[in-house]
Amino acid sequence: MLAILHPNTPLDSDAYRQTMHYLEHLPGVTVRVHEIQGVSQRLTEIYLLGDTKPLDKEDIEALPAVERVIRISDDYRILGRHRDDNRQTGFSYNGVDFNQSNLNIFAGLCAVDIPEHVEMMLKALEENGQVCTRMGAYKPRTNPYSFQGHGKGCLPWVFEKAGKHGIKVVAMEITHESHIEEIDTCLEKLGRPTGVMLQVGTRNTQNFELLKAIGRQRTYPVLLKRGFGITLNESLNAAEYLASEGNANVIFCLRGMKTEAGQPHRNMVDFAHVPAVKRLTRMPVCVDPSHSVGTREKSPDGILDVMHATAQGVIAGANMVLVDFHPKPEKALVDGPQALLMNELPAYLEDIHLCHDTWKKRQAIYQRLKGEVPE
Ligand code: PEP
Ligand code: MN
């Protein structure tokens with residue numbers, strides 16, 4: 001059961017004290033407080049865990065600090081959608097909104113290599129009105145002898161350049177909890193010219209200690225990739241690990257599933273799950289067409305498979321696109337063969353906006369059926 005307090009309830013008020021006193025003395029029930037700082041208000045949610053079946057919803061709703069009560073299922077307690085649950089989706093970070101209705105595009109380098117390439121990428125993004133990017137400094141590689149990323153050494157110049165080109169959020173994968181501090185120390189030293197969204201890669205989706213460490217910090221939002229060889233339920237539970245430790249600013253990213261059946265693509269594109277994740281949880285949903293498709297193959301209609309896959313995700317309501325670009329893919333140190341080119345950026349953005357608008361129009365079509373078909 002979840003008790004949502006009136007917004008901005010002071011933690012030293014009588015109403016709060018009386019409410020907590022009552023809840024903490026319920027037999028067989030553990031109380032867990034979760035604070036959410038929104039743009040204009042602070043929300044306190046109190047999770048009642050354990051033997052909550054005998055509890056009366058109305059008794060709890062009558063407590064002085066409680067606004068309303070929601071009965072929650074066991075799955076995805078914080079990030080999930082529950083019956084009678086109209087809590088908001090999403091969050092704002094560094095001036096950018098992330099929710100289940102809007103769309104943000106994170107085009108950029110799979111892996112940071114040399115300053116010239118980063119500069120060319122960021123300049124192209126700025127010229128095309130983009131304020132987000134992806135830049136990999138810590139790369140988890142299958143082969144131990146492959147390039148593992150420049151690590152913390154490249155952070156100062158990457159962040160400086162990002163700030164110079166008006167980038168507000170850089171999606172950056174981390175593979176160890178020490179990387180959080182490396183990023184934070186560097187940003188702080190530079191005066192925070194840009195922001196970072198911590199990315200958990202598909203190889204680390206169930207690295208529970210890493211998830212807990214990332215979940216304990218509230219400074220940076222998180223992009224969690226779906227595990228490529230586990231069920232959707234297992235990946236959504238991984239997201240809940242972040243929230244259960246305190247950080248519910250999580251975006252869930254579909255990136256394809258590892259199976260021979262996915263050929264000729266690198267992975268089996270799973271973007272039909274975009275609406276399923278939005279129905280099961282309140283997380284904004286991202287699609288990564290680059291790591292799903294993994295090539296620059298083109299169909300006879302002249303459109304790259306990466307672009308078709310992007311369109312499929314966005315037209316189904318995706319809220320974020322994470323995509324590899326490179327000014328000179330033949331020189332890229334990681335994933336060059338799947339990178340889109342600088343001169344493809346404007347057309348690609350136009351295509352994405354067309355698909356996002358189409359998704360909105362599709363909703364309007366079905367809205368007309370409301371009341372005519374059973375819910
Ligand atoms: C990436 O986005 O750079 C990446 C390594 O993706 P994934 O974890 O999905 O393989
Ligand atoms: Mn990659």
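Across the alpha-carbon set of the range 1-155, the Rg to Rh ratio works out to 1.16, Rh being the Kirkwood radius.
As a calculated quantity, the FRET efficiency between T231 and N343 at R0 = 41 Å, using C-beta atoms, amounts to about 0.55. Applying a threshold of 23 Å to the alpha-carbon distances of K139/K328; K164/K360; K123/K331; K164/K298; K278/K370 flags K164/K360; K164/K298 as lying beyond it. Taking 4.7 Å between C-beta atoms as the pairing limit, the chain has these partnerless cysteines: C110, C132, C154, C186, C355.
Using Cβ point charges alone (K and R +1, D and E -1), the dipole size of the chain about the Cα centre works out to roughly 360 debye.
Under 1.5 on a/c is rounded, so check that first for the range 92-369, then, if it is not, pick prolate when a/b is larger than b/c and oblate when it is not; a ≥ b ≥ c are the square roots of the alpha carbon gyration tensor eigenvalues. Rounded, because the longest to shortest axis ratio a/c is under 1.5. Here the range 265-314 is assigned +1 on the Cβ of each Lys and Arg and -1 on the Cβ of each Asp and Glu. Its dipole about the Cα centre then comes out at about 240 debye. For the chain, the mean residue ellipticity at 222 nm estimated from helices alone is -9500 deg cm²/dmol, where every DSSP H run of n ≥ 4 contributes -39500 (n - 2.57) and the total is divided by all residues, rounded to the nearest 500. Only Lys, Arg, Asp and Glu carry charge here, each on its Cβ (+1 for the first two, -1 for the last two); on that basis the range 184-237 has a dipole of about 60 debye about its Cα centre.
When the chain is described by a simple charge dipole with +1 on each Lys and Arg Cβ and -1 on each Asp and Glu Cβ, the residue from G166, S290, S73 located farthest towards its positive end is S290.
When the chain is treated as a GNM with alpha-carbon contacts under 10 Å, the residue of G302, G151, G163 showing the greatest mean-square fluctuation is G302. Beta bridges assigned by DSSP with both partners in the chain are antiparallel in approximately 40 percent of cases. The relative contact order of the chain, computed from alpha carbon pairs under 8 Å that lie at least 6 residues apart in sequence, is 14 percent. Among the trypsin sites (Lys or Arg not before Pro) within the range 267-375, those in coil by DSSP and having at most 10 neighbouring Cβ atoms inside 10 Å are R368.
The relative contact order of the range 2-71 comes to 47 percent, based on Cα pairs under 8 Å that sit 6 or more residues apart.
Among A239, A318, A15, the residue with the largest mean-square fluctuation in a Gaussian network model of the chain, with springs joining Cα atoms closer than 10 Å, is A15.
Mind checking the angle between helix 14-24 and the chain's longest principal axis? C-alpha axes, 0 to 90 degrees, to the nearest 10. Taking the Cα atoms of the chain, the angle to 14-24 is about 90 degrees.
Quick note: the coordinates plus some simple rules give every number you see, no bench work behind them. All of these numbers come straight from a predicted model, not from anything done at the bench. Cβ atoms come from the backbone with ideal geometry, glycine included; neighbour counts cover every protein chain shown.
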